[in-house]
Amino acid sequence: MTDNAVESEGVKLQTPSRVNPEFKHEVLSMPGGETLKYCFQCGTCTSCCPIADITDSYRPRTAIRLAQLGLEERLLSSDTLWLCAACYTCTDHCPQGVEVKDVLRVFQNLAVKKGYIPRVYREVGKNILNAGYAYKISKFKMKKRIEKGLPPLSETPPAHMEKLAKATGFHETIAEMEDEE
Amino acid sequence: MSGKSESTGNSESKKDAVLKYAFYLGCATPLRERAYEISARRVLKELGVKLVEMKGVNCCGLPIDAVNHEMTLALSARNLVIAEKMGLDILTLCSGCTGQLMKTNKHLKGNRESRERVNSYLKIIRMEFKGTIEVKHLLRVFIEDIGFEKLKTYIKRPLSGMRIAAHYGCHLLMPSKYLEFDDFEDPKFLREFIALLGAEPVRYADEKECCGAVIAGVNLDLPLNLIADKFRNVKNAQADAMTTICPSCHLMYDQHQSSAEKMFDETYNMPVLHFTQLLGLAMGIPAEELALDELKVSSEGLLTAMEQTAYVGQSVRKVWS
């Protein structure tokens, strides 16, 4: 074993984590984040999670602990925050009544506010703002619908999408991402 | 109740009345899983259920919940309001839409603070959430509004000899406090549906395992692991086919099946049919009218075997493989 314990240039020391003692209060104040305080770290969420079952990198319990400890940056900048499959198995199994999936979603929403967001959400967000649907609507597909005897797909008023997006702050997020391009 | 059935009264007479719903398609069904829409419309026509198209609807909001929860609530509430104005309950095909719309509906009905906040967004587009309707997935309509007993009278060609594995998915069952349907840990509704069609419901390991569709856009490898697991379990149980009740689950198991096969260098060759297609077949509707040709994993072998076994009570597997 000692043979392997040689220092190499590639070794990076982990930067000390900054603690934000106010972070848990921010989570608790957001709709869906209220139950963060009930978590006593039993690990039921991780043990029943279908994603944690197949990868070592995703652990819902750890995410919740990081928030309780105030390790905001480490939590929000993590790629693995986006591996929640939204199946709600954790929520339904938590013995403490923690709405685990909703708490994780609050973390994701806060990560977005800090500029951490996977690319795919930009596409989906733009599609919704443009035409109301999560997927792009192609003329080919619309033509095919009629050929197959299906009624035309109902059109969403884009002005409604824009107004709701502006009222909820969603517009800002998507617009910022467009600027970056 | 809102004008779901044209004659009101006790539950017995409700089952005989003409059922009428506001039909909410969502995004995945019309834009990625057309066969589901075609087969659903076809069987509902046969069953005499009236669908009223919803004008000007939008995405249910689920796909962007991780980005902005408030926008998700606003989007789903807007759809609910459109149905409220129609005076009809919503009928859905997608489990994701069902979960999102039901959660928003129940949450806003019971929580004044959230309702007022969401209504402050809706006011800008001159809408108001009132909380006067319900949301139902098609399978729940079969169970709760039509009833399996009545549905059974429509079965003209039982799928005898066919061994079918049920994939439940997540969002019709969890979070259970909002969905209030069956047993979220060991559900049986889809197995009972398969039995109703005259086929044999197959039990297999990890029946409740998620398809992972929600994270496919972020990381496709993980869902491919999940679906490969599912196919191994379903094959171990010697199922002839699988059935799904959600377009996103179907997309994973049908359209991504070949990717999983490539990733693990395995062959599954597992036809995955929408539950509406199975019902249509059992009702004697020709396969062409149920868009079976639109499935990526061919169901041809299965159908031929079905033809040969239908009246002799043989196992499909013996003929097919």
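At a threshold of 8 angstrom on Cα-Cα distance, excluding pairs fewer than six apart, so keeping six or more, what relative contact order does the range B:18-139 reach in percent?
It comes to 29 percent, rounded to a whole number.
In Å, the Kirkwood hydrodynamic radius of the range A:1-159 over pairs of distinct alpha carbons?
Working: mean 1/r = 0.0533 Å⁻¹.
Its Kirkwood hydrodynamic radius stands at 18.7 Å.
Which cross-chain or sequence-distant (5 or more) residues have an amide H under 5 Å from the amide H of B:H137, H modelled 1.01 Å from N in plane?
Placed amide hydrogens put B:T92 under 5 Å from B:H137.
Place the peptides A:100-110, A:156-166, A:137-147 in order of packing, highest mean first, counting for every residue the other Cβ atoms within 10 Å and averaging per peptide. Each step should come with its number before you reach the end.
Values: A:100-110: 23.9, A:156-166: 18.4, A:137-147: 12.0.
Taking the mean over residues of other Cβ atoms within 10 Å, the ranking is A:100-110, A:156-166, A:137-147.
In nm², what is the average projected area of the convex hull enclosing the Cα atoms of the protein assembly as shown? Mind showing how you got there, number by number?
Numbers: hull surface 106.5 nm².
Value for the protein assembly as shown: 26.6 nm².
Only sites in a loop by DSSP and with at most 14 other Cβ atoms within 10 Å count here; which GluC sites (Glu not before Pro) in the range B:248-297 make the cut? Can you show the working numbers first?
On the way: sites: B:E261, B:E266, B:E288, B:E289, B:E294; in loops: B:E266.
Hits after loop and neighbour filter: B:E266.
Over the Cα atoms of the range B:18-139, what Rg and Dmax result, in angstrom?
14.2, 44
What is the set of long-range amide H partners of B:V202 at a cut-off below 5 Å, with H atoms built 1.01 Å from backbone N?
B:I164, B:A165, B:A166
Let me know the whole percent of all Cα-Cα pairs from chain B that are separated by more than 24 Å. Before the final figure, lay out each step's value.
On the way: 27750 of 51360 pairs.
Counting pairs separated by more than 24 Å, the tail of P(r) holds 54 percent.
Determine the per residue accessible area of the protein assembly as shown with all protein chains present and a 1.4 angstrom probe, expressed in square angstrom. Kindly include the intermediate steps, with their values, before the conclusion.
Details: 22280 Å² over 502 residues.
The answer is 44 Å² per residue.
For peptide B:214-222, how many partner chain Cβ atoms fall within 10 Å of a residue's Cβ, on average? Intermediate values should be presented prior to the final figure.
Values: counts 7, 9, 2, 7, 11, 10, 0, 2, 8.
Neighbouring Cβ atoms belonging to other protein chains average 6 per residue here.
Contact order normalised by length for chain A, with contacts defined as Cα pairs under 8 Å and 6 or more residues apart; what percent is it?
Values: 185 pairs, mean separation 34.2, N = 181.
This gives 19 percent for chain A.
Taking a probe of 1.4 Å and counting only protein heavy atoms, give the total accessible area buried between chains A and B in Å², rounded to the nearest 100.
Values: alone 12680 and 14530 Å², together 22280 Å².
So the buried area, both faces added, is about 4900 Å².
For chain B, what is the calculated [θ] at 222 nm in deg cm²/dmol (nearest 500), taking -39500 (n - 2.57) for each run of four or more DSSP H residues and dividing by its residue count?
Numbers: 15 runs with 137 residues, N = 321.
After summing the helix terms and dividing by the residues of chain B, the value is -12000 deg cm²/dmol.
Please list 3J(HN,Hα) in residue order for the range B:248-257, calculated via the Karplus relation 6.51 cos²θ - 1.76 cosθ + 1.60 where θ = phi - 60°; whole Hz, with x for glycine and proline.
Result, ordered by residue: 6, 4, 4, 4, 5, 7, 8, 6, 9, 4 Hz.
Round to a whole number: what % of the accessible area of chain A belongs to carbon and sulfur, probe 1.4 Å? Please list the in-between numbers first.
Details: 5210 of 10210 Å².
Taking all protein chains in place, chain A shows 51 percent carbon and sulfur surface.
Using a 10 Å cut-off on Cβ to Cβ distances, tally the other chain neighbours for every residue of B:26-33 and report the average as a whole number.
Details: counts 3, 10, 3, 0, 10, 11, 3, 0.
Partner-chain Cβ atoms within 10 Å, mean over residues of B:26-33: 5.
Binning at 10 angstrom from zero up to the longest distance, how are the C-alpha pair distances of the range A:119-180 distributed in percent?
Taking every Cα pair in the range A:119-180, the percentages come to 21, 44, 24, 11, 0.
Could you sort A:111-120, B:102-111, B:54-63 so that the peptide with the highest average Cβ count within 10 Å comes first and the rest follow in order? Mind dumping the intermediate values first?
Details: A:111-120: 15.9, B:102-111: 19.5, B:54-63: 23.1.
Packing proxy ranking, top to bottom: B:54-63, B:102-111, A:111-120.
What whole number of Å gives the distance from the Cα centroid of the range A:91-122 to the Cα centroid of the range A:65-81?
So the separation of the two Cα centres works out to 11 Å.
Which percent of the accessible heavy-atom area of the range B:18-139 goes to carbon and sulfur, probe 1.4 angstrom? Each step should come with its number before you reach the end.
Working: 1900 of 3810 Å².
Using a 1.4 Å probe with all protein chains present, the range B:18-139 comes out at 50 percent carbon and sulfur.
Only loop residues by DSSP count here, and only those with at most 14 other Cβ atoms within 10 Å; note down the trypsin sites (Lys or Arg not before Pro) in the range B:177-241 that meet that.
Values: sites: B:K177, B:K188, B:R191, B:R203, B:K208, B:K230, B:R232, B:K235; in loops: B:K188, B:R203, B:K208.
Sparse-neighbourhood loop trypsin sites (Lys or Arg not before Pro): B:K188, B:R203.
Over all residues in B:201-210, what is the mean tally of Cβ atoms on other chains that come within 10 Å of each residue's Cβ?
Numbers: counts 0, 0, 0, 0, 0, 2, 0, 3, 4, 9.
Per residue, the average neighbour count from other chains is 2.
The values are calculated or read from the model by the stated rules, or taken from the named source; none is laboratory data. Here the structure is a predicted model, which means the values were calculated and not measured. As a convention, Cβ positions derive from the backbone with ideal geometry for all residues, glycine included, and neighbour counts pool all protein chains shown. These area figures cover heavy atoms from the full protein model, side chains too; ligands, DNA and RNA do not enter into them. Shrake-Rupley method; radii C 1.70, N 1.55, O 1.52, S 1.80 Å.
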